[in-house]
Amino acid sequence: MPSPQTIKKIVEIGDTLQRSGCAPYKVEKYAQYYAQKHGLDVMVQATPTAINYQFPDKNNTVVMKRLKPASINLSLLANTIIRINQPSNEPLPEPVGYPKWVVALANMGIPPAYLMLVGSTLEAIRFFRFIGFYGLGLPTYL
């Protein structure tokens, strides 16, 4: 019979994977792999907004969770997968965000590059170049 702490860890791993944008079939795969590492058998059914864990033992414990739609957080996803493969009691490091100037540079470069790729007008390309300044909170006339 699995301990409540082990069940809680498995459910937490699955929830974290879903929250960070992992595909449902990968959430199932990683949760089952993590449970096997702890000597448990689990059946996981994941959808984009819900996860169902079933532990087929004497009690037949079932955990059903309804979750918010996921957002993409690749840093949290990578740290969670590392934690699955190398268990540790150390807390996960906080993900480091990009500086505002990097976000502004990306906002200035990516939209015009896409517009050039699809064959847009030069006026539209010039206009979208200035969107990046909004990421810094700078006026658009700079």
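The values are calculated or read from the model by the stated rules, or taken from the named source; none is laboratory data. The model shown is predicted, which means the values in this text are computed figures rather than measured ones. So basically every Cβ, Gly included, is an ideal-geometry build from the backbone, and we count neighbours across all protein chains shown. For accessibility, only protein heavy atoms count, side chains too; no ligands or nucleic acids. Shrake-Rupley method; radii C 1.70, N 1.55, O 1.52, S 1.80 Å.
May I ask you to list the residues in segment 58-74 that are open to solvent by less than 50 Å² (accessible area, probe 1.4 Å) and closer than 20 Å to Thr6 by Cα?
Correct list: Thr61, Val63.
Is it the case that Lys8 is of a type in the set (D, E, K, R), open to solvent by 60 Å² or more (accessible area, probe 1.4 Å) and part of a helix (DSSP H, G or I)?
It is true that Lys8 is of a type in the set (D, E, K, R), open to solvent by 60 Å² or more (accessible area, probe 1.4 Å) and part of a helix (DSSP H, G or I).
Given the structure, is Val27 free of Cβ contacts under 8 Å to residues at least 40 places away in the same chain, open to solvent by 50 Å² or more (accessible area, probe 1.4 Å) and within 22 Å of Pro2 (Cβ to Cβ)?
no
Is it the case that some residue within segment 40-57 is modelled with pLDDT under 85 and closer than 14 Å to Ile7 by Cβ?
Here is the first cut: in segment 40-57, the ones modelled with pLDDT under 85 are 57.
Going one step further and asking which of them are closer than 14 Å to Ile7 by Cβ, we end up with 57.
The answer is yes; a qualifying residue exists.
I want to confirm something. Restricting to segment 30-45 and keeping residues that are part of a helix (DSSP H, G or I) and within 22 Å of the chain's Cα centre (by Cα), which single residue is farthest from Asp57 (Cα to Cα)?
Among those residues, the one meeting the criterion is Tyr30.
On the basis of being open to solvent by 60 Å² or more (accessible area, probe 1.4 Å) and either aromatic (Phe, Trp, Tyr) or in contact with a Lys or Arg (Cβ under 7 Å, 6 or more places away or on another chain) (or both), does Tyr33 make the cut?
Yes; evaluated as a whole, the condition is true for this residue.
For a quick check of your reading of the model, give me the residue pairs whose first member lies in segment 50-79 and is touching a residue at least 60 places away in the same chain (Cβ under 8 Å), whose second is assigned to a loop (DSSP other than H, G, I, E, B), with beta-carbon atoms closer than 9 Å and at least 6 apart or on different chains.
If the second residue must be assigned to a loop (DSSP other than H, G, I, E, B), the pairs left are Leu76/Ser20; Leu76/Gly21; Leu76/Leu92; Leu76/Pro95; Leu77/Ser20; Leu77/Gly21; Leu77/Cys22.
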